[in-house]
Structure formats: C-alpha cells, structure tokens
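The values are calculated or read from the model by the stated rules, or taken from the named source; none is laboratory data. Predicted, not measured: the structure shown is a model, and the values here were computed from it. Glycine also receives a Cβ, built like all others from the backbone with ideal geometry; neighbour counts cover every protein chain displayed. Side chains are part of the model used for accessible areas, which takes the heavy atoms of the whole protein and leaves out ligands, DNA and RNA. Shrake-Rupley method; radii C 1.70, N 1.55, O 1.52, S 1.80 Å.
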Amino acid sequence: MIFKSPVERGGPQRGKFEDLAEKASNMTSSPLFFLICLAFVGFFVASHAAGLSVEWLLLAGESMSAVTLLLLALLKNSEMRAEHAIQRKLDAIAGALLDMNKGKDSRALRELRDSIRMEEET
C-alpha cells in the first residue's frame, strides 16, 4: 500500500478527511479552543496538586496524550496541504516565466528549467 499526500488523494475534490481536517484546523486556531486547552491543562495540574487518586491522574494524562496525537495529525495534514499549494503556485510562476522567455536561452532559464524538471513532465 502506498500512502499519498493529502493533496494527491481523491483528485480535484477534497475528501471527507480533508474537510474534517480543515474544519478542525479552523476550530483549533480559535481563542475558544485555546481556553478549552487551558482549562484542560489546569485540570491536569489541579489533579496533581489536589493529590487525586491514580485513576484520575491517568485519565488526565492519557486524555492529554490523545489530544496531542490528534492535534499532531491535524497539523501535519494542514502543513502538507499548504506545502503542496505553495509548490503548485511556484510551478505555475516558473512555467509562466519559461513561456515568456521562449526562444531566449540564458543560464538562469536553464537552471529554472532544470529545477522544475519541465522535460520530465511532458
């Protein structure tokens, strides 16, 4: 099984996970989510300070670990989508520059052509 990046999955339309990741990314960047996380960390610290039972301490620690893993997955998905969007824009700019300078040959154009590997795509 080959894993594709979030941008390469599903063609031009975004899948359910990408939509969920986008909504979750918007929600996790809100002040409300920050306050929820702050309350969650406060609960974790208070449970240690209050000397609660081991079960409560485990619940607090494992919950924080689960939230951390979910946020890591969302962050990576968002990072990959942004990286591919930037690359597509840079490729479009480079292609336009090459089209503008057809017939002219310079070292900068050869390096640009080599860096985006235009010959490999045609």
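Computed over protein heavy atoms with a 1.4 Å probe, the accessible surface of the range 42-112 works out to 73 Å² per residue.
Between Arg110 and Met80, the modelled label-to-label distance comes to 3.8 nm, taking each label 7 Å out from Cα in the direction of the beta carbon.
When a 1.4 Å probe is rolled over the protein heavy atoms, the share of accessible surface on the range 36-122 that falls to carbon and sulfur comes to 66 percent. Between Ala73 and Ala50, the modelled label-to-label distance comes to 3.0 nm, taking each label 7 Å out from Cα in the direction of the beta carbon.
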